[in-house]
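Structure record follows, encoded as C-alpha cells.
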Amino acid sequence: MTIAQSTEFPRPEPVGHGPGAVGTPDEFAELLPQTRRALLHRLAVGQAEGRAPSMTGAVVRDGRAVWTGGRGAVAGEVPHGDVQYRIGSLTKTFVAVLVLRLRDEGLLRLEDPVGRYLEGTPVPDATIAQLLSHSAGLAAEPRGPWWERTAGELRPEPADLFDERPQRLSAGRHHYSNVGYALLGALVERLRDGAPWGEVLRREVLEPLGMDRTTLRPEKPYASGWAVHPWADALLPEPAEDTGLMGPAGQLWSTLQDLCRWAAFLLRGDARVLGAASMAEMRAPAVPPESGTWDAGYGLGVQHLRREGRLLVGHQGSMPGFLAALWADAEEDVAGVVLTNCTSGPAAGALAADLTGIVLAHEPRIPEPWRPLPGPLDPELLALTGPWYWGANPHALRLRAERGLELTPLSGAGRSSRFRAEEDGTWTGLDGYYAGETLRVRRDREGAVSHLDLGTFVFTRGPYEPSAPVPGGVDPEGWRV
C-alpha cells in the first residue's frame, strides 16, 4: 500500500448554516503558522504511532473549519475532506437529534415509556430519555454473532435483537447499549409513518445542513477499512456490512467536511433542524458516569469528557476497519474531528481532544465584543434586576437577551442558573440546580412585586425581609447584636 505525504488542505470554507452559525471575521479565520504546524504534527504522530493506513483531522471554531489536514493514503492519495469514512457510534448523535425533533413537535415526551409507541418490545417500561442516555439497563449488544461484522438480515425483526434477558441492570445506572439505539431508530420510523430512519435523517437533518456526503452506505470516494497486524506492518481487509435494524447504533458513513458542519451544529443548533435550547439540553449531563467520576459521562445522545479542566461533548465511534471521534468545547466554541480507517491502534478520541487543546493553548479565543441588548427595553423586566436574597444569601438577577434572566450567587457559594422566558409570564431554568424549575414573579394586592418564587424557594429584596412571605416567618424582633 502506497503511503502518501501528509498535507494541510486548502483554506476551509464556512461550515455553519442558519441562524447563529456565522463564520468568524476574516482577520481571525486563519490560524497562525505555528498553530497549524502543531496541529499537523499531532495528526502525523497519531497516524504514525497508531499505524493507521490513513487519517484526517479538522478543527472547527466559531462555526468555521479553521484547519483541516490529512496523513497517509486512500487509493494512493492523501485523504482529502470529501473522502468518506465509517463513523460508527457518532451515528447515535444523529439519531438523538431525530428523537428530540419529535419531542419538540409534541409527538412524544422524553419520560414516556417506549412501549407506548412500539408494541411488542420486550422492554416496554424503558423510557425514551433512558434509551437516549444509556440508562435503561439494557444489554450492551444484540443477540447473535458480532453484529458489526455480520449482515443485518440475521436479525430481521425487532424481537431478534434481544435474548431471554433483555435488561441486564436496573434502570437509572449508566450502561452503554447499542441495542437501545436500535429501538430509538424504530421509534423514529413508527412516528414518521413508517419511513425508514435513514430517509427521515436525510430529509430532516442532512439536507438542511448541507451534509450530502453522509450516507448509510459508502459512496465514492471512500476509504476501505483495515485491521493492522499487532506484531507486523501488515493489513487485513475488514467487512463493511449493512447492519439492518442495528443501523441507528453505528451505520453511517461521513466525511471530514460534513462532520465539521455537524460539529458546528452540535455547538450552535440550527432553527431548521433543532434549536439552540434543545441542543443545550442534549449536551447536558443526563446520568452519573459508569466509572463514578466525572472524567467521562453521557447526555442525551452525546458523550462527555473532562480534559485539562475543560468539558468536551461529542462522541467516539468504531466499526470494523474504522475509528472516528468528534469532541467539542461549548464554552470556547471549538471542536476537533478525527477519522481513520483501521480497527484499532490510533487513539482517535484523545487525538480529537488534543486538536481542540492545541488551538486553545496557542490562540486563546478572543471574546465577542460586548453589545447592549436589542431594544426596546422593558422597564418592568429591568426593575426585576439587581440583588435578591434567599434567606440571608445574596444573589443577583440579570437581564439577558430575549427576555431571559440569569440568577447568580454573590457570596461565592450558591446555585446559579439561566432562565428562558415563557409565554405565560414565567421563566424555565436551563441549567444548574434549577434546570427545568419554574421562576415566578409574585405580586401583592396592589400589583407591586412582592418576591420571586423559584421551585418553592422565596427570594426577597432584603435578607429575611419581614414583609415578605418567608416560609416559617421571620422573628418579629428582627436582626440583633
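The values are calculated or read from the model by the stated rules, or taken from the named source; none is laboratory data. Just so it is clear, the structure is predicted and the values come from calculations on it, not from any experiment. Here Cβ is always computed from backbone atoms with ideal geometry, including for glycine, and neighbour counts include all displayed protein chains.
Brief remarks follow.
- Out of 74, 60, 66, 45, sole residue that is more than 30 Å from residue 331 (Cα to Cα) and not aromatic (Phe, Trp, Tyr): 74
- Candidates 417, 467 - the one that is out of contact with any Cys (no Cβ under 6 Å at 6 or more places or on another chain), buried (at least 16 other Cβ atoms within 10 Å of the Cβ) and either of a type outside the set (S, T, N, Q) or without any contact (Cβ under 8 Å) to a residue 60 or more places away in the chain (or both): 417
- Some residue of the stretch 123-133 being assigned to a loop (DSSP other than H, G, I, E, B), touching a residue at least 24 places away in the same chain (Cβ under 8 Å), crowded, with 23+ Cβ neighbours inside 10 Å and in the same structural domain as residue 238 (by TED's automatic domain parsing): no
- Looking across 217, 149, 213, one residue alone is on the phi < 0 side of the Ramachandran plot and modelled with pLDDT under 95. It is 149.
- Considering each residue of the stretch 175-191 in turn, at least one proves to be over 29 Å from residue 239 (Cβ atoms) and at pLDDT 95 or above.
- Residue 231, sole failed condition from (1) in a loop (DSSP other than H, G, I, E, B); (2) in contact with a Lys or Arg (Cβ under 8 Å, 6 or more places away or on another chain); (3) modelled with pLDDT of 95 or more: (2)
- Assessment of the stretch 150-165 against the conditions (surrounded by 15 or more Cβ atoms within 10 Å (Cβ to Cβ), in contact with a strand residue (DSSP E or B) (Cβ under 6 Å, 6 or more places away or on another chain) and either of a type in the set (Val, Ile, Thr) or farther than 21 Å from residue 103 by Cβ (or both)) yields no matching residue.
- Looking only at residues of the stretch 431-464 that are over 21 Å from residue 392 (Cβ atoms) and of a type in the set (Gly, Ala, Ser), we find that the one that is surrounded by the most Cβ atoms within 10 Å (Cβ to Cβ) is 435.
- Residue within the stretch 384-392 that is more than 30 Å from residue 415 (Cβ to Cβ), among the aliphatic types (A, V, I, L, M) and surrounded by 14 or more Cβ atoms within 10 Å (Cβ to Cβ) present: no
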